Amino acid sequence: MEAPALIARLTRMLGGDVGRAEELAQDTWLAALERWPAQGVPDNPGAWLMTTARNRAIDVLRQHQRVAGQHAQWGSELEPQPLPLPDDSDALQDDIGDDLLRLMFVACHPVLSADARVALTLRLLGGLTTDEIARAFLQPEPTIAQRIVRAKRTLASKQVPFEVPRHAALPERLESVLEVVYLVFNEGYTASAGDDWMRPALCEEALRLGRVLQHRLPTWPQVHGLVALMELQASRAAARVDAHGNAVLLPDQDRSRWDWLQIARGQAALRQAVALGGADDPYVLQAAIADCHARARRAQDTDWAAMAALYARLAQRQPSPVVSLNQAVAVSRAQGAAAAWPLVEQLAADARLQGYAPLAAVQGDLLAQLGRRAEARAAFVRAAGLTGNARERAVLEARARALAEG
């Protein structure tokens, strides 16, 4: 939980050296592992970690100064400039005023490819493992690992400054920043691996970053759209797990447990995004889809036809097999499983969805509705074997058992 803020602070102190900042952060974790068992955990662990990391960074900077002085004394042709000790003042001169967001814009620098920007920022700010990032991208883990390593090397070689771009330079960087925030939120909302259905800290951090962006960039409809989407989805958090931490799917949720104040905030952000001309922005369209759920006080009142139409618009603006899969689900709810099955069969041939657990789960759901119980059971078993999340696996295995017993 402390890692993103720690790395962000160290990166600023070290003039944008992300790789060195990560190394110092790891040194700080080791120091804690060595001292805390013997001396006890500090009253404020986060402050202890930050102070220790800061002191280590100052030592590095002083060492650079000594080396620079020695080079100057020896008449080195390199003539390095000594690095100043950091000013810890929070009054930093940029448009955002948040170290984590500075680090995000550094990781999303145009010298990196779009995919590399997103992967690196997820690793640095989201604290996600390489495997979790690979699941989010639907790509092999070694590919993501290589991408992150190359991104760090590129930032170091290009000496990218630790700063937020000014307003005129924001558009080219903002798209990747928003994508990162949403992927972090998604990983928190439905964890791709592990024993927990959700990772609330990631949802909260993504919402925090989104709200700061919304406050600092009030005329950008896509920012309001993303915040609306996250607020509306996060409003269901309390109803998504039962008392034992087991997953509760959307149709079975107790909607009285939804956070209706958060829904109101999300709906207000959605209206603002539309008023700013962003009705066809992908984030705004997804927020409108989430609003279809929010407006239904009972699952049976959901306007699936409107949702299917929104997914169709989203598929035009942002073509993706995952969007098409969600559209097929909406079509099945609005028109029946028979209407949706051809869409899902077509998606099953898409190589990008091979090994994608939600596709197999949707196949199982539609096959069950069509009365093809044995095939449905096999699809749920296959989906359970593909997911890395223990809670999701339990739900899928339960559905497979129910079909076998029935």
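Here, each number is a calculation from the coordinates, and none is a lab measurement. Because the structure is predicted, anything quoted here is derived from the model rather than measured. When we count neighbours, we look across all protein chains shown, and the Cβ atoms used for this are built from the backbone with ideal geometry, even at glycine.
Using the beta-carbon distance between L217 and V322 and R0 = 25 Å, what value does 1/(1 + (r/R0)^6) give for FRET efficiency, to the nearest 0.05? Walk me through the intermediate numbers first.
Details: r = 27 Å, r/R0 = 1.08.
It comes out at approximately 0.40.
Cα-Cα pairs above 17 Å in the stretch 302-394: how many percent?
Numbers: 2168 of 4278 pairs.
Result for the distance tail: 51 percent.
Extension gain A38-R150, at 0.36 nm per residue separation less the Cα-Cα distance, in nm? Could you put the intermediate results ahead of the total?
Details: separation 112, 0.36 × 112 = 40.32 nm, distance 3.89 nm.
36.4 nm is the gain from fully extending A38 to R150.
Can you pull the semi-axes for the stretch 147-237, root of five times each eigenvalue of the Cα gyration tensor, sorted largest first, whole Å? Before the final figure, lay out each step's value.
Working: eigenvalues 132, 81, 16 Å².
In descending order, the three semi-axes are 26, 20, 9 Å.
Out of the trypsin sites (Lys or Arg not before Pro) in the stretch 111-190, which ones are loop residues according to DSSP with at most 12 other C-beta atoms within 10 Å?
In loop regions of the stretch 111-190 (DSSP not H, G, I, E or B), the sparsely surrounded trypsin sites (Lys or Arg not before Pro) are R166.
Binning every alpha carbon pair distance of the stretch 150-308 at 5 Å from zero, what are the percents per bin?
Histogramming the stretch 150-308 at 5 Å steps yields 2, 9, 15, 19, 19, 14, 10, 6, 4, 2, 1, 0 percent.
When a/c reaches 1.5 or more, the comparison of a/b and b/c decides; with that in mind, is the stretch 354-406 rounded, prolate or oblate per its Cα gyration tensor? Walk me through the numbers on the way to the answer.
Details: a/c = 2.40, a/b = 1.38, b/c = 1.73.
Since a/c reaches 1.5 but b/c is at least a/b, the shape of the stretch 354-406 is classed as oblate.
Equivalent ellipsoid semi-axes for the stretch 217-263, as square roots of 5 times the alpha carbon gyration tensor eigenvalues: give them largest first, rounded to whole Å.
Numbers: eigenvalues 147, 19, 12 Å².
One finds semi-axes of 27, 10, 8 Å for the stretch 217-263.
Just going by the charge dipole of the stretch 236-287, with Lys and Arg at +1 and Asp and Glu at -1 on Cβ, which of P251, Q262, L285 is farthest out on the positive end?
Q262
Starting at 0 and stepping by 10 Å, how many percent of the alpha carbon pairs of the chain end up in each bin?
All Cα pairs, binned at 10 Å, distribute as 5, 19, 29, 24, 14, 7, 2, 1, 0 percent.
Work from the charge dipole of the chain (Cβ charges, +1 for Lys and Arg, -1 for Asp and Glu, about the Cα centre) and give the residue of Q222, A299, A394 farthest towards its positive end.
Going by the charge dipole, the pick is A299.
In degrees between 0 and 90, to the nearest 10, how far off the longest principal axis of the chain does helix 390-405 point, with axes built from Cα atoms?
20
Relative to the longest principal Cα axis of the chain, at what angle does helix 373-386 sit, 0 to 90 degrees, rounded to 10?
10
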